[in-house]
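> If you scroll down you'll find the structure; I have some questions about it.
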Amino acid sequence: MKPIFRLLFLILLFTTGISATSQAETEDQNRVDLIGKVVDHHYLDFKPLGTIELPRFIYDDGEFFFYRNTTSLLNQESDRFTDASYLDSQLEKVDGQIVPASYEVVRSDGTTPDFDFSITSHLIFFWLAAIITLLVFLPLSRKYKQGTGRRTEPKGPFQNIFETLVIFIRDDIALQNIGPGKYQKFTPYLLTVFFMILFMNFFGLMPWGVSSTADITVTAVLAIFTFLATQIFASKEHWKHIFWFPGVPVPIKFILMPVELLGLFTKPFALCIRLFANMASGKILIFSLLGTIFIFSELFGPGIAYGTSWIWVLLTLFVYLIKALVSFIQAYVFTILSALFIGLAVDDHSEEQAH
Amino acid sequence: MEMELAHLAAGFGAGITTIGAAIGIGMIGKGAMEGSARQPEASGDIRTSMLISAAFIEGVALFGQVVCIILALS
C-alpha cells in the first residue's frame, strides 16, 4: 500500500505547487492568469455574465462546516476561517461583505484546515459527465434488453452512434488485448472509462466548460482503478514474473525483482500523467496563442496587434480542432493501455502450454 | 541566481525531452507508413500498435516534462 500513498503524496505536492503559483499570479492584476485558467476553482466562471460560487464543505477539529458558498463562509459570525490572501493585508469590505479573493480558505492563524471537501468546478463537470454517461447508456441498455438492435437493426440516432463505438471497444480493444474467454469481465470497465473520459474531454471544448481530465487528481483516480483491476485479477504467472522471474539465473532474479516491482507502479503513473498533461497542455496552448496578440500589442503597438490577430485566431481554431481530435485519441489511448495492462496481467499462458 | 538557473534548466530539459519524443514518434510514424505501404491490408493492426508505442514514448517524454515543471515551479 505504501507506494500508493507515496504516489498520492506526489500528486498532492504537484497540485498544491500549481495552485500556489496561480495565487501569486492573481496578485498582479494586469497579467492574464494563464495557470488560473487550467487549475481547479471554487466557482463556476461564466464571464462576462458573472460567476457562481460553489458550496464549501470543511471538516476541522472534529466538526463539519457547511456553507452555501465562499462568501457566506467568510462572512460568518465567528472568524474561524479566513481567505488566504487576507492574512497579511487588511480585510476589504464591499457593501459590508467580505469578498473572497483567492478562494483558498485557511484558519484565522494561517494554517490549513484538516480536510477541505468543497465542491469545485472540476468536480461539477465530472458529475455532469457521469450523469450524461448514465443518461445515454441506461436507456440504450434497456433498449437492447428488449431486443431492438439484437433481433432488429438499431433504431434512433443514439443507438446508431454509440453501437459503433461500443462494438469497436469490445472487439478492437478488449478482445484484441485481453484475449478471448476473459475479455467479457473487463469490457464494462473499459466502456465506462472510455465514455467518461470522452465526455469529460468534450466539456473542455464547450464555452465556459472545464475538462476535468485536466486535473491530475481525476486522472490519478482513473489510473488507480486500472491499477486495481490489473492487480486484483492478475494471474499467478503475473506475480511469478514480478517476484521470481522464470528462466534466468538466480542473481538476475534478485536484480529483476525491484525493476519489475517498480514497473507495476510506473504504468498507472504514466497513464495518469499522460491524460493530465495532454488535456492541460491543450488549454495552455490555446491561451498562449491568444496571449500572443497582447504580447504583440505591448512590443509593436496596438496597430500591428490588430493587424496580425487573425493569424492567431486562425491558429487557435486549428488548435481547437486538434484538441477535439486529441480528446478522442486520449480516451482511446487510456482505454487501450488499460486493456493492454489488464491483458498482460490476466494472461496465464494456458494457450502456449497446450501447444 | 539559483532560481534563474532552475528556470533555465527547466526550459532546456523541456526542449531536450521534446527532441527525444519527436525522434521516437517520427521513427514510429516512418515504420508504420512503410509497413502499411507494403501491406495495405494490415494497416488497421499497424495503426493500433503505432498508437500504443507512440503513447509509451509520450509517457516517457511526459516524465521528463513533469521533472521540468517541478523545476520551474520550485
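The values are calculated or read from the model by the stated rules, or taken from the named source; none is laboratory data. Here the structure is a predicted model, which is why all the values come from computation and not from measurement. We place every Cβ from the backbone using ideal geometry, glycine too, and count neighbours over all the protein chains shown.
> Check off (1) charged (D, E, K, R); (2) closer than 23 Å to A:Ile336 by Cβ; (3) not in a helix (DSSP H, G or I) for A:Lys185 and give me the number that stays unchecked.
In the conditions (1) charged (D, E, K, R); (2) closer than 23 Å to A:Ile336 by Cβ; (3) not in a helix (DSSP H, G or I), A:Lys185 misses (3) alone.
> For the range A:145-164, name all the residues that are at pLDDT 85 or above and surrounded by fewer than 16 Cβ atoms within 10 Å (Cβ to Cβ).
Correct list: A:Lys145, A:Gln146, A:Asn160, A:Ile161, A:Glu163, A:Thr164.
> When you go through (1) modelled with pLDDT under 90; (2) crowded, with 16+ Cβ neighbours inside 10 Å; (3) among the aliphatic types (A, V, I, L, M); (4) farther than 19 Å from A:Phe276 by Cα one by one for B:Leu71, which number turns out not to apply?
(4)
> Being more than 21 Å from A:Leu340 (Cα to Cα) and either touching a residue at least 60 places away in the same chain (Cβ under 8 Å) or crowded, with 20+ Cβ neighbours inside 10 Å (or both) is true for just one of A:Ser281, A:Ser235, A:Ser288. Which residue is that?
Details: A:Ser281 fails: either touching a residue at least 60 places away in the same chain (Cβ under 8 Å) or crowded, with 20+ Cβ neighbours inside 10 Å (or both); A:Ser235 fails: more than 21 Å from A:Leu340 (Cα to Cα).
The unique qualifying residue is A:Ser288.
> If only one of B:Val60, B:Val66 is within 9 Å of another protein chain (Cβ to nearest Cβ) and either in contact with a helix residue (DSSP H, G or I) (Cβ under 7 Å, 6 or more places away or on another chain) or aromatic (Phe, Trp, Tyr) (or both), which one is it?
Details: B:Val60 fails: either in contact with a helix residue (DSSP H, G or I) (Cβ under 7 Å, 6 or more places away or on another chain) or aromatic (Phe, Trp, Tyr) (or both).
Going through B:Val60, B:Val66 in turn, the sole match is B:Val66.
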